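J.: I'd like to ask some things about the structure below.
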Amino acid sequence: MSVAFPTGYALNRTRQVYLATRLHIAKTHWSRFRGLMWTDAGSFVAGQGLWIVPSRGVHTFAMRFPIDVIYLDGGNTVIYAEENLKPWRVAPVRMSAASVLELPGSTLSSTRTAVGDEIEIAPQEAGRA
């Protein structure tokens, strides 16, 4: 990814599998708006992810590849998931969502992540990226 966001990881605690070991965090207005727009598919590969905080829904406008989308409530429990959301689409808005994880396509199936799973998100401390 070309934009420098704070980083960390996302672990599916229910299934004991990492969703992202290089998790970028979008928590400013601009970083949430930009998201993965104009990112090349080759720079968003397995192990990477974007956590959008706060967020109740996402779009894939100006994107060049499909992504998996996980909606999390305030306790980081999966409340909705969509696999391989294609470019130039709008995902549903979930009013109970507090944040959204965007992951490379097919991450949901390869990790067996499902509604009800608990996700641990650990942002990396500033200056340690």
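J.: If packing is taken as the average number of other Cβ atoms within 10 Å across a peptide's residues, how do 80-88, 22-30 rank, most packed first?
T.: Highest to lowest by the protection proxy: 22-30, 80-88.
J.: Per-residue ellipticity at 222 nm for the chain, helices alone: DSSP H runs ≥ 4 residues times -39500 (n - 2.57), over residue total, nearest 500 deg cm²/dmol?
T.: Mean residue ellipticity at 222 nm (helix-derived): -2000 deg cm²/dmol.
J.: Could you identify which residue out of Thr107, Thr14, Thr60 has the top mean-square fluctuation in a GNM of the chain using Cα springs shorter than 10 Å?
T.: Thr14
J.: Oh, and also: Between Ala114 and Arg64, what is the spin-label point distance in nm, taking each point 7 Å from the Cα along the Cα→C-beta axis?
T.: Placing both labels 7 Å beyond Cα along the Cβ direction yields 3.6 nm.
J.: Could you please rank Ser55, Ser43, placing first whichever residue has the fewest other Cβ atoms within 10 Å of its Cβ? Walk me through the numbers before you get to the answer.
T.: Values: Ser55 22, Ser43 10.
So the residues, fewest neighbours to most, are Ser43, Ser55.
J.: Cα centroids of the range 36-54 and the range 93-126: how far apart, whole angstrom?
T.: Centre-to-centre (Cα) distance: 13 Å.
J.: Just how large is the dipole of the chain about the Cα centre, in debye to the nearest 20, putting +1 at every Lys and Arg Cβ and -1 at every Asp and Glu Cβ?
T.: In debye, rounded to 20, the chain gives about 240.
J.: Still on this structure: With a 10 Å Cβ neighbour count serving as the proxy for reagent exposure, in which order, fewest first, do Glu102, Glu118 appear?
T.: With the fewest neighbours first, Glu102, Glu118 line up as Glu118, Glu102.
J.: To continue, here is another question. Viscosity 1.567 mPa s, temperature 4 °C: what is the translational diffusion coefficient of the range 39-78 from Stokes-Einstein with a Kirkwood Rh over Cα pairs, rounded to a whole number of µm²/s?
T.: 110 µm²/s
J.: Shifting gears a bit: Got the relative contact order for the chain handy, in percent, Cα pairs under 8 Å and 6 or more residues apart?
T.: So the answer I get is 31 percent.
J.: What ranking of Asp73, Asp117, Asp68, Asp40 emerges when the number of other C-beta atoms within 10 Å of each C-beta is taken as an exposure proxy, fewest first?
T.: Asp40, Asp73, Asp117, Asp68
J.: Suppose the Debye formula is applied to equal point scatterers at every Cα of the range 7-123; what is log10 I(q)/I(0) at q = 0.09, 0.23 Å⁻¹?
T.: Values, matching the q order: -0.19, -1.48.
Computed from the coordinates by the stated procedures, all read-outs in this text should not be read as laboratory data. A quick note: this is a predicted structure, and the numbers were derived from the prediction, not measured. Note that each Cβ is placed from the backbone with ideal geometry, even for glycine, and that neighbours are counted across all protein chains shown.
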